[in-house]
Structures are given as C-alpha cells and as structure tokens.
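Report on the following structure.
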There are 2 protein chains.
Amino acid sequence: MSTLVVPDAVPSVFEDCEQLRKAFAGWGTNEGLIISILGHRNAEQRKLIRQTYAEAYGEDLLKELDRELTNDFERVVLLWALDPADRDAFLANEATKKSTSRYQVLMEIACTRSSNHLLHAKQAYHARFKRSLEEDVACHITGDFSKLLFPLVSSYRYEGDEVNMTLAKSEAKILYQKISEKAYSSEDLIRVLATRSRAQINATLNQYKNEFGNDINKDLKTDPNDEFLALMRTTVKCLTRPEKHFEKVLRLAINRRGTDEGALTRVVTTRAEVDLKIIADEYQRRNSVPLDRAIGKDTTGDYEKMLLALAGRAHA
Amino acid sequence: MSTLVVPDAVPSVFEDCEQLRKAFAGWGTNEGLIISILGHRNAEQRKLIRQTYAEAYGEDLLKELDRELTNDFERVVLLWALDPADRDAFLANEATKKSTSRYQVLMEIACTRSSNHLLHAKQAYHARFKRSLEEDVACHITGDFSKLLFPLVSSYRYEGDEVNMTLAKSEAKILYQKISEKAYSSEDLIRVLATRSRAQINATLNQYKNEFGNDINKDLKTDPNDEFLALMRTTVKCLTRPEKHFEKVLRLAINRRGTDEGALTRVVTTRAEVDLKIIADEYQRRNSVPLDRAIGKDTTGDYEKMLLALAGRAHA
C-alpha cells in the first residue's frame, strides 16, 4: 500500500530530464520543480530518469542533486532518487559504521524486506562497496549484537505459508525456557528468529502466548535499559508486525525534542512505495492525528514538502 | 573445464525423449541407451528433456528413472539428471541429516560454488523442502560445527578481485594469534573464512605464510583426529584450491577398501560440467594414474559406464 502519487499522465522521461536540468540551471535551484518531478515518480521511472539524464547530459543526476541541495532536503531527495535495493545497501553500510543505536537500521533492513529484496540489496552492496554486507557486519559488530545481526542479515529466509505446528510447539517451549533462564543471546533464541519463516515464527509466538500467557516481547522487557533486549523486541516486531515498528520509529522521531530527521527520512523514503499507507493508518490509530499533519507540524520548507509528497498528500 | 562430451549433432529433444521412453519400455531396461543420451547432454539440454518428456508422456522423467534403475547406477543417473542447483539442494539436505562425516558435503557446496550458484541452490531448497537451508543447518547441527557451517552456507560472498593488503596483514596476524592459542573455533577465525572474498582470503593466507612460516593448514593439523580441525582445513582448501580438495575426495573414495560410491558419484556429477578436467589433471599428477582408469578399475557395469561417460572418456 504505497502512498506515492504518480500523475495519470506522466511527462516523457526526456521532458522530466529537461525540467530537472532547468531546476539546476543558473543562480539558485528550483526545489519545487525537483519535488514536483521526483516526488511523483516510481522506482522504475526514477531509474529511467537517472539513465536518460546521464545519456543526455553526460552527468550523474545523483551528483547534480548532491551539488545543488543541502541538509535534510538533500538527504531525502538523494535517498529517494536511489534504487530501493541500492538505498538499502547505502543505509546498511552507514549502519555498520555507527554506534549501537544504528543497529536498529540493520535489523530493520534484514527483517522487514522480502528475501529477494534483501538479496538485491546485498548485490547492490557488492557493486557499491566491493565487499559483502555480511563481512562488514561480522567485522564491525561484536558480542551479542553480532550474534543476532549476522544471521539476520545473512539468512535467505523461506517465505511460504506452510506451518509446522509440532515444531511451533516445541520451539515455543525452547524460547520460554531460554527466556526464563535470562539466556537472551542463546543460540536457540537467535536461531529461531533469524532462520525460520515469518509464518512459522508467527505460529511459534502464538503458541508461546497460548501456552505461557504473555506476548514474548513482554517477557523480553525485564530490563528496559538493556539495548540488546530492545533490539530483540524490535526484531520480533519487524518480523511479525512491521507497521507497528515503523509507527513507533515515526512517533519517536516526531515527538521528541528536536525531530529525528534521520529516522523520519529513512522511514518515509524506504516505505513510501511499499506500505506507508498502512503505517500511516497505524500512526493515526496510535496518535489520534494523521501522519501527514504530524510531519507537517514538525518540519519546514522543501524538506517538509518532499516528505509530504512521498507520504501522499496531494499536490500543494 | 568440463569433461562432458556432447556430440556435435545432438538429436532433437523429441527424439531424445522417444529413445528414453523406449529404454524404459517392455521387460527390462536399456541402460546403455539411457547412458548414451543423458550421459552426453548438458544441463540446459537435460532440463529441456525433462520438460518435454513430462509434456509428451504426462510422466516425470525422474520418477521413471527412479522406478527403472537401481543402486549406484540409479543414484548417478538421478543426480546427473537434476538441475545443478536442485542437485545441490538435494545433497545439502541429505547432509544436514547425517553424521558429522557428511558436514564436508555442506562445506563443499558452500565453499566451491559461486555466490550465485549457492543462491540458486538455496532457492531450489525453498521450492523442494518448503524450508530454508539455513534453518536446517542451524537446527540440525550444533556446537563448533554449526558455528562454522552456518555462516559458510549463509554468506552471499563478494567475488571481485580487489584485495586490501592492510586488512590481509592485520587478519593474518589475528589468525595466527587465534591458532597459537588453539582457539580454533574463535569468532575471528570463522569470520574471516566465512565472509571474506576468495581473493581477500588468498591474500591473507599468503601473508600468513610469509609472516609466520607455515601454510595455515599445517598449523591447523595439531591433532589429526580432531574432526573440527579437519573441516577447517577442508574449508581453507575448498576456498583456495578446490581442485586439490576434490582430488583428495576422489583419491580416498577410490583407494579405500570398498569404494566410497557416494563420494565418487557426488564429485563426478557435480563437477563434470564445471572443472572435472582440472580435477582429473590434479589426480593424475598426484596418483600417477589417469582418473578414468582409476574409476574403471574400481567400478563395474552401467555405473562404471555412466561415470566414465561423464568423466569424458569417448563413447565405448
């Protein structure tokens, strides 16, 4: 459920390129023109624009944008202009180099994308960085975080709907046992979350709740300050109810003192063409205010305009 | 360097199917006819034969072969008839269920295939078993073996030629340190082997030898009876000199009391279209006898004929 609004009659790719070229020309940049084009083209169309622009003007559109734009607006336009797989490669690479607070981004990419999208992101990672995502995760991240994140980014998860109920029961028991022993980074706990299919994990967690009374995430909240436990809970959420995870990221990004533009930009650019509509519905339910109004209240200028275009608010 | 001999003038796929149908008809099976067709068709051609056979006769060629053939001959024909990726999925699944002696098969599939071939094998695994290879490895294998095999089968390895010499030097040092401490299953040792590109591993191991005097595999041979150390050495060999690994598997399969048909069949069917020529050269160098002669001396009947057809001996 995409929020992207592509006009019924899209101009030809040559016209789009010409208009973008104009937006960069002369003194100052026409940001509105850039938003009116790129903010209303899907991944396939943006790819064609990048290719045609390079052929027509011998220049890389991304480099032009990088040169012409600044700050938050630059980042939202640049991330949006990328191929979705390449964007994830870029974000994942950034995340391997940052502090533990960024591990959430890696986990998000590993757990909310389809197996094939994650694969394409890994291929884009090879092309972009001449290394694998796996080696960077294994090399830069240590301890329990690595134990969890490495298999999450590595597994090529099965995506069928089949569920093995006997397995769900036995693994629910194992999870309960490990959590009771506070063995949160135990191999078994991580193995189930990192390798089982979403359908199977869902069955196991339902079984967990039926058999032992609590949502697993409640039992994983013994110490609210434990960052590893927080990452485990986010993993569970991303695998089972991704819209709830993204709603929370947006809520925390918007409601805190000083917006977290990094998180806001990431969620809007990575989900606009996927499920931002569902996330926005969840946001409204949880916060009693429409997502676009909340974004509008918390941001300004071209950055705001671009976010709102991607979030599906009609042309201003 | 394939050993497969495909005739210059291949009959049409319809003729091939008709001949195979004839080979199954009536009392008894015409094994020679089956060998003369399937033993001389490449993966693409065999795929077309399987498809056309199903369309023409409403029967699965693999099931027919399964019904008509027996023992070692059945296994070599069936494995050969499969798509290479599907064959690896089948072999890998078998290996997850057997004793530690079969871990070598998993490691072989993980380390001697290209990243994309390994990916296709994982996709075939999904289709065939409705589960992922990763979850079966993680679930069925435990301890140090799992610590090594899981990242090996999971990583989507980078395959470029670029080498970072600074990294090679620092990681050679880490490897030496861990091996000196006998920390053979340490995260760092496994991380380097499981995630770095082959070019980078090669540079690191060259650096290891230059700096510390020995081949790493010599330093990994402190206890010849340690199965984990043996698997580590095989991993190194498969990543750096796969033809040496396969030569040794063939040598041990042929030279032992009672041939190891499982290993012989596996290496011939999985390598015939890839590098069996190089492996055969290595075999001749190491054993002073041509591989096809050694195979002929150790096997009999239709099984022998099929192996020799795949190993490139001209039509008998």
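Note on exposure: A:Glu187, B:Glu15 ranked by accessible area (1.4 Å probe, complete protein assembly) read A:Glu187, B:Glu15, with the most exposed listed first.
Computed over Cα pairs, the Kirkwood radius of the protein assembly as shown leads via Stokes-Einstein (0.890 mPa s, 25 °C) to a diffusion coefficient of 89 µm² per second. Here the Karplus relation 6.51 cos²θ - 1.76 cosθ + 1.60, evaluated at θ = phi - 60°, turns the backbone of segment A:36-48 into coupling constants of 5, 8, 5, x, 9, 10, 7, 4, 4, 5, 5, 4, 5 Hz, with x for every Gly and Pro. Checking Cβ-Cβ separations below 4.7 Å across chain A identifies A:Cys17, A:Cys139 as cysteines lacking any candidate disulfide partner. Label point of A:Gln19 (7 Å along Cα→beta-carbon): distances to the other copies' equivalent points are 6.2 nm, sorted ascending.
For segment A:22-86, the list of GluC sites (Glu not before Pro) that fall in a loop by DSSP and count at most 14 other C-beta atoms within 10 angstrom reads A:Glu59. For the rotation that carries chain A onto chain B, the axis lies closest to a Cβ at A:Ser154, 2, where the number is the distance in whole Å.
Applying a DSSP loop filter and a limit of 15 other Cβ atoms within 10 Å to the trypsin sites (Lys or Arg not before Pro) in segment B:186-255 leaves B:Lys221. How about B:Lys297: which lysines have a C-alpha closer than 18 Å to its C-alpha, ignoring those fewer than 8 places off in the same chain? Within reach: B:Lys248, B:Lys305. Take the Cα of A:Leu252, step 7 Å along the line toward its Cβ, and report every residue of segment A:100-144 whose backbone nitrogen sits under 11 Å from that point. Residues passing the 11 Å test: A:101-105.
Label sites at B:Thr166 and B:Asn71, each approximated as a point 7 angstrom past Cα along Cα to Cβ, lie 6.2 nm apart. One chain, two ends: B:Asn30 and B:Ala54. Fully extended at 0.36 nm per residue, the span grows by 6.7 nm beyond their Cα-Cα distance.
The alpha carbon centroids of segment B:251-316 and segment A:100-139 are separated by 41 Å. Computed over segment B:165-240, the convex hull of the alpha-carbon atoms projects to a mean area of 4.3 nm². Cross-linked pairs A:Lys63/A:Lys97; A:Lys169/B:Lys147; A:Lys182/B:Lys98: Cα-Cα separations exceed 29 Å for A:Lys182/B:Lys98. Label-to-label distance, B:Arg241 versus A:Arg102, with points set 7 angstrom from Cα along the beta-carbon direction: 4.1 nm.
Here is how far apart the A:Asp260 label points are across copies: 5.3 nm, shortest first, using a point 7 Å from Cα toward Cβ.
Express the relative contact order of chain A as a whole percentage, based on alpha carbon pairs under 8 Å and six or more residues apart in sequence. Walk me through the numbers on the way to the answer.
Numbers: 370 pairs, mean separation 69.0, N = 316.
Taking the mean separation of contacting Cα pairs over the length of chain A, I get 22 percent.
Distance from the alpha carbon centroid of segment B:37-89 to that of segment A:166-194 works out to 41 angstrom.
Given a cut-off of 35 Å, what percent of all Cα-Cα pairs of chain B lie beyond it?
Percent of Cα pairs beyond 35 Å in chain B: 25.
Shielding of A:134-140 by partners, i.e. mean partner chain Cβ atoms within 10 Å per residue? Taking the mean over all residues of the peptide, I get 6. Taking chain A as a Gaussian network, where each spring joins two C-alpha atoms under 10 Å apart, which residue of A:Val76, A:Val105, A:Val163 fluctuates the most? Sorting by GNM fluctuation, first place goes to A:Val163. Annotation note: chymotrypsin sites (Phe, Trp or Tyr not before Pro) in segment B:5-96 located in DSSP loop regions with a Cβ neighbour count of at most 16 within 10 Å are B:Trp27.
For B:Met232, the accessible surface of its heavy atoms amounts to roughly 0 Å² (probe 1.4 Å, protein chains only, rounded to the nearest 10). On the principal axes of its alpha-carbon atoms, segment B:161-316 has extents of 55, 35, 25 Å, going from largest to smallest. Hey, could you get me the Stokes-Einstein D for segment B:84-154, Kirkwood radius over alpha-carbon pairs, 4 °C and 1.567 mPa s, rounded to whole µm² s⁻¹? Result for D is 111 µm²/s. With the convex hull drawn over the C-alpha atoms of segment A:13-69, the volume per residue is 71 Å³.
The values are calculated or read from the model by the stated rules, or taken from the named source; none is laboratory data. Owing to the predicted nature of the structure, the values given are computational and were not obtained by experimental measurement. Cβ sites come from the backbone with ideal geometry, for glycine too, and all protein chains shown count toward neighbours. We work out accessible area using only protein heavy atoms, side chains counted, and drop any ligands, DNA or RNA first. Shrake-Rupley method; radii C 1.70, N 1.55, O 1.52, S 1.80 Å.
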